[in-house]
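Here, each number is a calculation from the coordinates, and none is a lab measurement. Computed from a predicted model, the values in this text were never measured in an experiment. In this analysis, Cβ positions are derived from the backbone assuming ideal geometry, glycine residues included, and neighbour counts consider all displayed protein chains.
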């Protein structure tokens with residue numbers, strides 16, 4: 001029986017455990033990345049572990065999220081991250097250099113390597129043939145300190161690609177189609193692996209777009225083979241020596257297979273307010289639009305923006321439309337300036353904004369009230385744009401550009417316009433934005449810590465009786481944006497959990513934080529896919545600070561479940577989903593004999609208000625149970641040492 005590519009790479013990095021689905025393994029991590037929205041917590045945790053020397057081959061700290069400096073807070077965070085990076089030998093990417101995933105693809109990703117990042121879209125590296133996994137900040141800090149990462153072995157979904165994309169259809173349409181078929185929770189417990197003859201028709205940047213949005217499937221990661229297209233991409237980045245050919249065995253066996261004929265894909269759009277709410281642009285119709293935003297880690301590559309420039313050249317943005325474009329890296333922006341594409345964009349009426357995440361995370365460019373905004377981003381959760389009543393559609397760069405000209409959502413294939421073939425060109429890395437440490441010098445470089453940076457909250461060891469009042473009953477598909485909002489108002493306080501906690505769940509229930517403070521010991525009840533979206537561990541740290549002891553849900557998103565465990569908060573799953581309907585706000589829930597129950601198959605939760613008892617399961621691994629007992633991962637590691 002042949003091996004999948006994903007299992008080949010995992011096997012090559014296996015330290016302990018068996019490579020069978022569901023079992024716990026520990027793998028070697030070659031590289032890590034952080035960004036400034038999650039990075040301060042990573043480096044606070046790294047310092048708390050008193051790490052002398054990091055164990056990875058390469059670690060990078062990117063500044064790309066909190067780049068609007070309206071006060072001292074963001075600049076202080078950047079200075080803190082830079083100081084810790086220098087102490088530990090971490091490469092530091094300054095603001096303006098670009099978006100972490102695009103930069104990593106260009107400069108550091110290597111086929112066959114493992115990458116762990118404190119950002120949910122780290123799987124972008126799978127476009128190069130890496131096993132690149134998004135994780136909570138503490139997992140990344142531990143990977144830096146120990147060079148390892150533990151996980152349950154995922155199954156593998158094979159996506160068989162045939163045919164070739166028609167003009168006006170793109171890689172974005174491929175992943176939107178996959179999301180439509182599998183849904184936002186269809187990848188939970190899986191790695192998504194692409195194979196088939198259609199793969200060779202996709203460039204590395206096409207593949208990176210697809211693996212980037214694999215995060216929206218809930219998948220552990222996504223991966224493409226490393227082939228002649230990979231070799232050419234690396235050569236053009238000046239990194240030909242990093243190429244390694246990689247592919248699944250011809251007789252590889254997948255747990256599931258989805259076949260996609262690329263030649264049949266029309267331009268698609270994800271409608272409000274979920275990435276899997278997908279229909280063709282033709283079906284949606286020519287709705288009037290107010291804003292178009294092009295960029296993000298999904299669609300800010302050189303080839304994406306050259307397609308946009310070719311559509312905009314000689315045309316004008318519609319008078320009723322605001323068009324903003326954010327290139328993925330300084331390298332891309334420089335090339336666009338050199339070849340005249342940047343001038344074409346500006347002449348059309350486009351606004352060029354900084355090489356950063358920007359509008360994708362609600363950092364600026366919020367649309368007007370009730371607006372329709374087309375975005376080439378990866379998420380369109382309600383309110384994520386910064387405007388709660390805006391309708392955000394996710395589309396390809398081609399669809400975004402032609403729609404910006406027409407003033408309505410437009411299927412480019414109906415216009416009769418031909419698109420030129422865009423090819424990658426050789427570009428030079430711009431080193432002015434990168435600080436390469438000469439070597440770790442922990443003892444001689446002080447930590448630079450501003451007044452907004454507060455210690456992260458720590459839990460205590462699990463009590464044998466856990467009593468908590470239900471302070472929130474939430475619905476399905478609760479996102480980390482719902483739990484801990486991310487926008488220009490709150491992003492500067494990512495280093496200050498006590499302040500952030502005041503806004504926890506404010507979009508769902510404005511009284512949640514004050515209710516928790518009054519009760520002291522709290523529980524949350526949730527529906528399916530609780531905690532989908534970003535890897536931000538603040539969505540666990542803020543509830544921890546407010547006294548949340550456990551969350552019972554119908555199911556959990558992978559990264560958020562891990563973040564809860566890392567914080568010592570128990571994620572419990574209803575054995576009978578109907579029990580969800582039996583619990584109300586204010587009910588008092590009790591777990592007796594919690595210490596022994598954590599290691600058992602089921603955990604019983606008694607509702608003292610109604611007299612009912614619910615069976616839940618957690619499927620805690622031995623390591624996860626030990627972390628829950630210790631009150632979180634940091635406490636467990638200190639015990640271990």
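Structural remarks
- Dividing the alpha-carbon radius of gyration of the stretch 466-640 by the rule-of-thumb value 2.2 N^0.38 Å gives 0.96.
- As a rough footprinting exposure proxy, the listed residues 9, 402 were ranked by other beta carbons within 10 Å of their own, and the order from fewest upward is 9, 402.
- For the stretch 508-549: span of alpha carbons on each principal axis (Å, largest first): 29, 19, 19
- 5 Å-binned pair-distance histogram of the stretch 268-414 (Cα, whole percent): 2, 11, 22, 25, 21, 12, 5, 1
- Pairwise Cα distances in the stretch 299-386 exceed 18 Å for 44 percent of all pairs.
- Relative contact order, percent, the chain [alpha-carbon distance under 8 Å, six or more residues apart]: 14 percent
- Kirkwood Rh in Å, taken over all unlike Cα pairs in the stretch 409-460: 18.7 Å
- A simple spin-label model places pseudo-atoms 7 Å from Cα toward Cβ; at residue 282 and residue 181 they are separated by 1.9 nm.
- The stretch 327-384 versus the stretch 95-147: alpha-carbon centroid distance in Å: 23 Å
- The sum of -39500 (n - 2.57) across all DSSP H runs of n ≥ 4, divided by the residue count of the chain, sets its helix-only mean residue ellipticity at 222 nm to -8000 deg cm²/dmol.
- For the pair the stretch 271-316 and the stretch 557-636, the centres of their Cα atoms are 42 angstrom apart.
- Approximate shape of the chain as ellipsoid semi-axes (Cα gyration tensor, √5λ), whole Å, largest first: 37, 27, 25
- Calculated log₁₀ intensity ratio I(q)/I(0) where the Debye formula runs over C-alpha points of the stretch 468-529, q = 0.13, 0.17, 0.21, 0.29 Å⁻¹: -0.35, -0.59, -0.87, -1.27
- In the calculated pair-distance distribution of the stretch 5-264, the portion above 25 angstrom amounts to 43 percent of the Cα-Cα pairs.
- In this simple spin-label approximation, residue 266 and residue 599 carry label points 7 Å from Cα along the Cα→Cβ vector, and these lie 5.9 nm apart.
- Estimated D of the stretch 562-604 in µm² per second, where Rh is the Kirkwood radius over Cα pairs and Stokes-Einstein applies at 37 °C, 0.692 mPa s: 270 µm²/s
- In the frame of its principal axes, the stretch 364-425 has Cα extents of 38, 27, 16 Å, reported largest first.
- Overall Cα dimensions of the stretch 1-59, principal axis frame, Å, largest first: 45, 22, 21
- Peptides ranked, highest mean first, by Cβ atoms within 10 Å: ranges 121-133, 38-50, 251-263: 121-133, 38-50, 251-263
- Convex hull (Cα only) mean projected area of the stretch 550-628, reported in nm² to one decimal: 5.0 nm²
- Ranked by how many other beta carbons lie within 10 Å on average, peptides 454-463, 185-194, 110-119 from highest: 110-119, 185-194, 454-463
- Here the ratio of the Cα radius of gyration of the stretch 134-223 to 2.2 N^0.38 Å is 1.22.
- Cα→Cβ-extended label distance, 7 Å offset, between residue 606 and residue 200, nm: 6.7 nm
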